[in-house]
Amino acid sequence: MKNALYNITLIVLVSGLISSCNVMKRVAKNDYLLTDNEVLVNNKKDNSETVSDQINQKPNGKLLGFPLRLHIYNLARPNIDSILKAKIYDNPRKVSWKTKLLSKKQLNKDLESRKGINKWLKKTGEAPVIVNEEKTKKTTENLRKYFFAKGWFDVKTSYNIDKTENQRASITYNIVTGQPHTLDSITEQIESPIINSLYQQQLKQNSLLKKGEQYDASNFKNERDRLTSSLRNSGLYYFDQDYISFNIDTINATKKVNTELLIKNRAIRNGDSTVRKPFKIYKIKNVNIYTDYQNRGSKIKDSTTYNNFNLYSFNKLNYRPKALTDAVFISKGEVFKDIDRTRTYRYLSELQAFRYPSITYVENKNDTTLTANIFLVPKKKYDLGFDFDVTQSNIQTLGFSFRTGLIIRNIFRGAENLEISVLGAIGASKDASETKDAFFDINELGADLKLTIPRIFSPFNTDKIIPKYMSPTTRISLGATSQKNIGLDKQTINGLFNYKWNPSTKITNNFGLFNIQFIKNVNSANYFNVYNSSYDSLNSIAQNIGYTTSGLSIPEGTNAFINDVFSGNTTITPESDDFSTILSISERQFRLTQDNLIFASNFTFSKNNRENLYDENFSLFKTKLELAGNLFSALAKPLNFKKNDTGNYQIFGVEYSQYVKAEVDYVKHWSLGGTTNNVLALRTFGGIAIPFGNSKNIPFSKSYYGGGANDNRAWEAYKLGPGKSQSILDFNEANLKLALNVEYRFDLAGKFKGALFADTGNIWNVFDNIGTDDTEFKGISSLKDIAIGSGFGLRYDFSFFVLRGDIGFKTYEPSRGLGNRWFKNYNFANAVYNIGLNYPF
């Protein structure tokens, strides 16, 4: 695979160089290829994104200065139909010869495929951008409007096209802004007394239009939106933004702008005539919830009233009233608020119990009130799903897995959803053919239960702390799996009790009241059969000192050799490198075969500023704090927990883990060049897990690792670090991690995207009893052991997901000696090839 990727890269580069001389291939004789745009604002160059967005014509895109898509386009024939007609269809002898060699149907398919390739080249490539003076004039006008909207009413714009003899041209746009206009007097003319009262008492003080500030048209738009939103949340059901306008009067001599806010009365159509009347505030008279709406002709068979809500059902009412009314923010007696309808839509959708929630308002003209009708269409109570996978890994040659899941909605009549899933798997290990056992010698069986409750499930009332508009949910889950004849034959039990709520659209809070994990390894003796690198290192040392000639047996030989080394029964001394290697292997064996009992609580805060899937100017901040083992420590003495030989407490014969873990993760995206396809992405991560009390180290499942497709891509997963140590083990992990990733993403051709990246970071041991000097973090001086990888990637956008391939090169290797770390393995032979789905951050 490495050679294939290398050859493909080489072919692309060579092809590009060969075709680079044909950049003018599709440029007509009297046309000019646009090579550059420059915008000068008051004789200073302006490359800002907002100004760039005003330009109608931009040069062909380039990759590292090379117009790849233009060259792909030039490979296409502009008149393929005429060429094929002249060369084949209009030549009877050629048609006759080809139809003898092929059938007529095959000939037509061959010609159509040629057209298809030609069409693909045009679609994937990019046509040469020819200078168009009409578009240039349009850009000049766009720039004038842009600066005018920012307050430079006297702006002057012009352009100059610089043409060369080789049919290339650049365009310079000149803008002279003059002095900006500023806001002076701001008055209002509001026809409806109610609106005028609301404006004067509540809205005016927060106006976005400030005297003395530079005129900006966007501020007027935002002020209009603000007033509309505020008024529609103050009972004005019939109000919309069309009733708001501004009169703007400029005083050129003083560069001042006088502004008048106009809000008209409500327009009521009556046949062909329209009358205007003052707006009124509407209150909610009734809230009707139709729990299983079918059609208008159906008859209601069940109804009830709960907390001023009227609930109707066309069959038996299957929901406890409180479960539905908690999801409705529209309240009887309250004024109409648009935000109440929006929140109700969102909460009802999050219940995942209904298909088409619909909310309508009916005016009661006699008393200026509204009746809110909420129509719900329940989803099926039961949903059954199936999933089948075929897998292959370094442990098994072939594997089949089957998962089935059942969803039961509204299981306790409170809109709760229960999910029951069962997993079964069989597989053949690489050693299966060498034994007399059945071919499928691997099996796994598991089951999970997950209950989702659409509220905070607690004996205490939390409405004041977490009100229902924050969409609180409680998730309770329990799962168990059993693996046999695979690795260490693990048996695991997991339990979770978690709260989740959203204080705003951008912020999410998760509080895991408890998270229980119990991991038992029932086949620890198989360790060195699974972790081959550890065995090979251990066996090599044993053979080098003459301890064995035929190889260490598993597990008797490996265990005996390790014990003899530590007991001083071999020629290996504690000062030797071999002793350190065996110590690392022994520690890792102990950690990976150790049974774990984790009882943890955690809190996660996330803030995501991303507006939508296409927004590439956003940031994401996430922090997490986790505490484990404290409850057990508090109960250890009162309940007389037993201690093991090391003095640590045990529950069911297993040491419980005790640690504190903290993480901070920050992602930032910048859109460059006025296009969402040209993005600079950055990610920083820091995490530490500190054992204390009943633990001297943290469980393997809670540790950090370096390398892999979503981390430092120049190293394989678990192959980086810790610190400056050599990665001699199968899985290298530690309890401190620092990482910084930067990636530049850009378009290549059509749905093909490219990326250049630099990944930095490493893992270390700190505040535990694991590792050696090379693996420990000793303060600022250890930062010189941060690994650096760099490389490039190719992605294909399938719209609903991105298939990603990255090639990472070891740029700075901390495992090498100081002064010998830069670019020592910076080549394709030592590169790491990663394949992943979607972007790494």
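Values quoted throughout were computed directly from the atomic coordinates according to the rules given, and no laboratory measurement underlies them. These numbers come from a predicted model, not from an experiment. Neighbour counts run over all protein chains shown; Cβ positions are idealised from the backbone, glycine included.
Brief remarks follow.
- Mean projection area, nm², convex hull over Cα of the range 710-777: 5.4 nm²
- Take each peptide in 505-511, 142-148, count the other Cβ atoms within 10 Å of every residue, and average; sorted highest first, the result is 142-148, 505-511.
- Rounded Å value of the spacing that divides the Cα centres of the range 179-245 and the range 756-804: 51 Å
- Entry note, the chain: the mean residue ellipticity at 222 nm calculated from DSSP H runs of n ≥ 4, each adding -39500 (n - 2.57), is -6500 deg cm²/dmol after division by the residues and rounding to the nearest 500.
- Subtracting the Cα-Cα distance of Lys824 and Lys301 from their residue separation scaled by 0.36 nm leaves 180.3 nm.
- For the range 719-753, backbone nitrogen atoms closer than 11 Å to the point 7 Å from Ser533 Cα along Cα-to-C-beta are found at 719-722, 726-733.
- The Leu478 and Leu639 beta-carbon pair, evaluated with R₀ = 30 Å, returns a calculated FRET efficiency of approximately 0.80.
- By the compact-protein rule of thumb, 2.2 N^0.38 Å, the alpha-carbon radius of gyration of the range 524-593 corresponds to a ratio of 1.00.
- Label-to-label distance, nm, for residues given as Lys751 and Ser550 (7 Å Cα→Cβ offset): 5.9 nm
- P(r) of the range 486-620 over all Cα-Cα pairs, binned every 10 Å from zero, in whole percent: 10, 27, 18, 16, 16, 11, 3
- Surface/4 estimate of mean projected area, convex hull on alpha-carbon atoms of the range 283-375, nm²: 5.9 nm²
- Computed log₁₀ I(q)/I(0) - Debye formula, equal Cα scatterers, no solvent, the range 305-430, q 0.17 Å⁻¹: -0.92
- Förster radius 51 Å - calculated FRET efficiency between Thr254 and Tyr361, Cβ distance, rounded to 0.05: 0.55
- P(r) weight above 35 Å for the chain, C-alpha pairs, percent: 69 percent
- Spin-label pair Leu406/Ser815, simplified geometry with 7 Å Cα→Cβ offset, distance in nm: 5.0 nm
- Per-pair calculated FRET efficiency, R0 = 22 Å: Ala447 and Val654 via Cβ, rounded to 0.05: 0.50
- Cross-link reach list, aspartates and glutamates versus Lys337, counting only Cα pairs under 14 Å and skipping chain neighbours closer than eight places: Asp240
- 12 Å beta-carbon shell around Ala127, net charge (K/R +1, D/E -1): +3
- Exceedance of the 24 Å cut-off in Cα-Cα distance is limited, within the set Lys379/Lys506; Lys322/Lys380; Lys122/Lys753, to Lys379/Lys506.
- Extension reserve of the Ile835-Gln594 stretch, reckoned as 0.36 nm per residue once the Cα distance is removed: 83.5 nm
- Unsatisfied cross-links (Cα-Cα over 23 Å) in the set Lys464/Lys702; Lys316/Lys381; Lys607/Lys668; Lys299/Lys468: Lys464/Lys702; Lys299/Lys468
- Modelled this way, with points 7 Å down the Cα-to-C-beta line, the labels at Phe314 and Gln189 are 5.2 nm from one another.
- Between the range 506-554 and the range 292-371, the Cα center-to-center distance that results, in Å: 57 Å
- Listed residue pairs exceeding 19 Å between alpha carbons, taken from Lys204/Lys256; Lys119/Lys751; Lys784/Lys810; Lys221/Lys264; Lys622/Lys661: Lys204/Lys256
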